[in-house]
Amino acid sequence: MRGLDAEEAQLSRISETSARLVPHVGALVATVALLIGISPPAHAQPDVGSDPAIGTTTLSLADAGLENGLQFFGDTGQTTLTFPVPSGLRPTALNTTLNLPFGIRSGTVTVTQDDRLISKVGLPPVDFEPVVIPLDAVVVTDDVVNLTLRLTALAEDRYCLDADHPVILTNGSITFTGSVSNPTTVADFLPPVLRTLTIGVPERPSQAESGTALQLAAALLLRYRSQAPQVALVPLPGDAAVIDGPAQPFERRIVVKEGGEEGLSLSGGPDPQLRISGPPDRLPDQARLLTDGNLTMAVGTNVVTGTLRTRPPPAGESTTLADLGEPGLSSTGVAPKVGIALDQTRFGRAIGGYRLHLTGSHTPLPADVGGRVTASVDGQIIDSWPITADGTIDHWVDLPDDLVERYTNIVVGIDTSGDMGDCADYRPITLTIYGSTVVQNTPAEPPLAAGFNALPQALMPYTKVGIAADSFVDTQRALQMVLGLQRLSVVPLLTEVVSVQQAIEGDEPAIVVSPEGWTDTSITLPVSSENQWLTLTGLGDEEETTLALEPGIRFGSLQTVSDGNRSLLIATSNGAPAELDRLLRWLNDDPRGWSRLRGNAVLAIEGAEPQLVPGRSPLAVLDAPAVTSEAEADRGGETPTWWIAGGVIAAVVIGISAYWLGTRRRPGGDTTES
């Protein structure tokens, strides 16, 4: 009975709190926010598997910037493997685990380099057995190895090795012999494999030092994009010109500091570091050399560079696949398909629509086989047309605006009908889309119409970054934001650090870091608060709704705003900068954290568990880490009734996508992720 009485009392408190809040909700209660959460995985150190006793190092394919597995389709499948080789090492073996779709009678893997046979090994007929492929005979060229792997297999009767049932060599890693050599010149400072980049700036960095650090970090993250290195910014105490402490395996350390001799200088010792120095206006060009093609000529320990080009030309309103870096696409099979990947960052602006003039060819089909060419996005067919007798493709395709995303993959395929053989291995068709295919685009109006989905392209081509003067912590916050956006882009982000006021009053897109609060009345944020009042501005209208919350909430946020013809990304809080820092760490702990953001705001509320709203989009709702205070832990993790009523209703009212983010503390002060 005591349990029932407590439950009734709990429900009564919920009802009373809800009654106080409902009048504040009004007509916007039907507006649903998309709550997103991501449980970040623990970041382990790279599994280099070094064994000093025998001088071997093992790198996973993921550490080398590659997919974890190699797939082979059909009775005879072929794939290529290109991997970097750290200086001083030589590859000796490719280690994999066999993943069979079903039993096979026999199989072999043959490895060639150019026209040379490197090795040939038999496949065990048992699933999940190790397959070790010798690589002693490979030739390393410019710290890279290019191989071709060909797998032949004979399946058991009535089984087909096809596109739906490939043989996979998974859990791939490469074993090397030797020891990693240190760089001796500026030209070889950047290694083939980079796991950690550490950038040091003074404790009170100038705008030039902060700006150079941001630009350098973004450029190097793009260069090593497939390897996803960790990037850290550290303060240099006093007059220090080097970063203290031993370096980690596959780490590089760079110091950015005004004054001294202009240029890039390489220090000696067991852990060489690179220093970028000089007058404030010359620091960016010196740093830019590290990602410029002229770096290979910097064969000294001290190098000074002139002015370097800062940006590739934009793609424009009309371009071709070849100009976008895709000279042609080809696939062979009974129903071949190719994907045309359109990335808005290549166009340097937010895109509202695409139109393609597809040109290409396919193998002419016999009279007893029918077929159509289809174009689809996310499995939805947007156009189809009959095949031609001569196998030519010449057709315009319009992409519906509601299917345009930051990354849009248009799949062109051939659907066939007729007798294609027992394992669909008769009459294979080769489909080719030419690089001359024209891609037309129209800009999004306004650029930030899609909220976070319009970033970073809505901040291109140049972005101002507004931070407080001489602030290391704001530089660090800006760095996390720039790195998160750079992970979404295939072209370098170009930033310039200015004051907060200059960023607000300027005409260019801007990232603004205002951690203590937002006081500029000329720009209205989607979510703001004062005392215990939460102000919510819906999407696409000027109406505001206010909620009175008892007790009040403290939160950090990232919010997107359109200011005339430009876009702004604002990092702020309502007097809780620690919540903003927690939000930034949380987003960057997951490589896909930024890509999953939708709507125009993301919030981290102090001490709050995530609340999921009925009717939300399932694509935008993920679990987030939760936190509970010590007092709540003593009550068995009970969620306060004000949050159940106020938090859920507030989430429904906000016409934005939001993460309700928290952490759960155990008694004693420990923090764990759920």
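Matching residues to (1) closer than 30 Å to Ser471 by Cα; (2) surrounded by 15 or more Cβ atoms within 10 Å (Cβ to Cβ):
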site	(1), (2)
Leu151	no, yes
Ser181	no, no
Thr212	yes, yes
Leu222	yes, yes
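Only one of the numbered conditions (1) surrounded by fewer than 15 Cβ atoms within 10 Å (Cβ to Cβ); (2) of a type in the set (Phe, Trp, Tyr); (3) not in a loop (DSSP other than H, G, I, E, B) is not met by Phe83, and that is (1).
Does the range 154-161 contain at least one residue that is in a loop (DSSP other than H, G, I, E, B), touching a residue at least 24 places away in the same chain (Cβ under 8 Å), farther than 28 Å from Gly333 by Cα and assigned by TED's automatic domain parsing to the domain that holds Glu67?
Residues of the range 154-161 in a loop (DSSP other than H, G, I, E, B): 156-161.
If we keep only those that are touching a residue at least 24 places away in the same chain (Cβ under 8 Å) too, we end up with 156, 159-161.
Among the residues that remain, those that are also farther than 28 Å from Gly333 by Cα are: none.
The answer is no, given that none of the residues of the range 154-161 is in a loop (DSSP other than H, G, I, E, B), touching a residue at least 24 places away in the same chain (Cβ under 8 Å), farther than 28 Å from Gly333 by Cα and assigned by TED's automatic domain parsing to the domain that holds Glu67.
Condition check ((1) closer than 30 Å to Leu488 by Cβ; (2) among the basic types (Lys, Arg)) across all residues:
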site: Pro205; (1), (2): yes, no
site: Glu209; (1), (2): yes, no
site: Leu233; (1), (2): yes, no
site: Val242; (1), (2): no, no
site: Ala247; (1), (2): yes, no
site: Arg253; (1), (2): yes, yes
site: Val256; (1), (2): yes, no
site: Gly268; (1), (2): no, no
site: Ser277; (1), (2): no, no
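Take the conditions crowded, with 24+ Cβ neighbours inside 10 Å, more than 24 Å from Trp518 (Cβ to Cβ) and not hydrophobic (A, V, I, L, M, F, W, C) and apply them to Gln486. Does it pass? Considered against the rule, which asks whether it is crowded, with 24+ Cβ neighbours inside 10 Å, more than 24 Å from Trp518 (Cβ to Cβ) and not hydrophobic (A, V, I, L, M, F, W, C), Gln486 comes out as yes. Out of Asp368, Asp383, one residue alone is in contact with an Asp or Glu (Cβ under 9 Å, 6 or more places away or on another chain), surrounded by 14 or more Cβ atoms within 10 Å (Cβ to Cβ), without any contact (Cβ under 8 Å) to a residue 60 or more places away in the chain and acidic (Asp, Glu). It is Asp383. Name, by its number, the condition in (1) under 26 Å from Leu197 (Cα atoms); (2) modelled with pLDDT of 95 or more that does not hold for Ser514. It fails just one condition, (1).
Residues that are at pLDDT 90 or above and in contact with a Ser or Thr (Cβ under 9 Å, 6 or more places away or on another chain), at least 2 per element: which strands (runs of 3 or more DSSP E) completely within the range 530-608 meet that? So the answer is 555-563, 566-573.
Looking only at residues in the range 386-425 that are on the phi > 0 side of the Ramachandran plot and at pLDDT below 90, which one is surrounded by the most Cβ atoms within 10 Å (Cβ to Cβ)?
To start, the set of residues in the range 386-425 that are on the phi > 0 side of the Ramachandran plot comprises 391, 418, 421, 424.
Still in the running and at pLDDT below 90: 418, 421, 424.
Working: Gly418: 14, Gly421: 11, Ala424: 18.
My answer is Ala424.
Only a single item in (1) free of Cβ contacts under 8 Å to residues at least 60 places away in the same chain; (2) part of a loop (DSSP other than H, G, I, E, B); (3) closer than 16 Å to Gly172 by Cβ is not met by Val132, and it is number (2). Check whether at least one residue in the range 120-130 is surrounded by 15 or more Cβ atoms within 10 Å (Cβ to Cβ), assigned by TED's automatic domain parsing to the domain that holds Thr97 and aliphatic (A, V, I, L, M), and report yes or no. Yes, there is a match, as at least one residue in the range 120-130 is surrounded by 15 or more Cβ atoms within 10 Å (Cβ to Cβ), assigned by TED's automatic domain parsing to the domain that holds Thr97 and aliphatic (A, V, I, L, M).
The rows are residues; the columns are (1) under 24 Å from Arg311 (Cβ atoms); (2) modelled with pLDDT under 95.
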{"site": "Asp142", "(1), (2)": "no, yes"}
{"site": "Leu161", "(1), (2)": "no, yes"}
{"site": "Leu169", "(1), (2)": "no, no"}
{"site": "Ser173", "(1), (2)": "no, no"}
{"site": "Val193", "(1), (2)": "no, no"}
{"site": "Ala208", "(1), (2)": "yes, no"}
{"site": "Val231", "(1), (2)": "yes, no"}
{"site": "Gly238", "(1), (2)": "no, yes"}
{"site": "Val242", "(1), (2)": "no, yes"}
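Can you find, within the range 463-489, the residue that is nearest to Ser210 (Cα to Cα) among those that are of a type in the set (D, E, K, R) and within 19 Å of the chain's Cα centre (by Cα)? Spell out the reasoning first.
Kept after step one, since they are of a type in the set (D, E, K, R), are these residues of the range 463-489: 464, 470, 474, 477, 487.
Those still in the list that are within 19 Å of the chain's Cα centre (by Cα) too: 477, 487.
Values: Arg477: 11, Arg487: 20 Å.
Looking at the filtered set, the residue picked out is Arg477.
If only residues of the range 230-264 that are surrounded by fewer than 21 Cβ atoms within 10 Å (Cβ to Cβ), closer than 21 Å to Leu289 by Cβ and touching a residue at least 24 places away in the same chain (Cβ under 8 Å) are counted, the one that is farthest from the chain's Cα centre (by Cα) is Glu261.
Yes or no, residue by residue, for (1) modelled with pLDDT under 95; (2) within 19 Å of Thr177 (Cβ to Cβ); (3) assigned to a strand (DSSP E or B):
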residue	(1), (2), (3)
Arg90	no, yes, yes
Leu98	no, no, yes
Phe102	yes, no, no
Gly107	yes, no, yes
Thr110	no, no, yes
Ile118	no, yes, yes
Pro124	yes, no, no
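A residue that is in contact with a Pro (Cβ under 6 Å, 6 or more places away or on another chain) and over 21 Å from Gly69 (Cα atoms) cannot be found anywhere in the range 129-140.
Can you spot a residue in the range 326-334 that is in the same structural domain as Tyr407 (by TED's automatic domain parsing), without any contact (Cβ under 8 Å) to a residue 40 or more places away in the chain and more than 26 Å from the chain's Cα centre (by Cα)? There is no residue in the range 326-334 that is in the same structural domain as Tyr407 (by TED's automatic domain parsing), without any contact (Cβ under 8 Å) to a residue 40 or more places away in the chain and more than 26 Å from the chain's Cα centre (by Cα).
Table: residues versus (1) among the small types (Gly, Ala, Ser); (2) closer than 17 Å to Asp75 by Cβ.
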| position | (1), (2) |
| --- | --- |
| Leu100 | no, yes |
| Gly107 | yes, yes |
| Arg116 | no, no |
| Leu123 | no, yes |
| Val126 | no, no |
| Pro134 | no, no |
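The values are calculated or read from the model by the stated rules, or taken from the named source; none is laboratory data. Note that this is a predicted model, so its numbers are computed, not measured. All Cβ positions, even for glycine, are placed from backbone atoms using ideal geometry, and neighbour counts span all protein chains on display.
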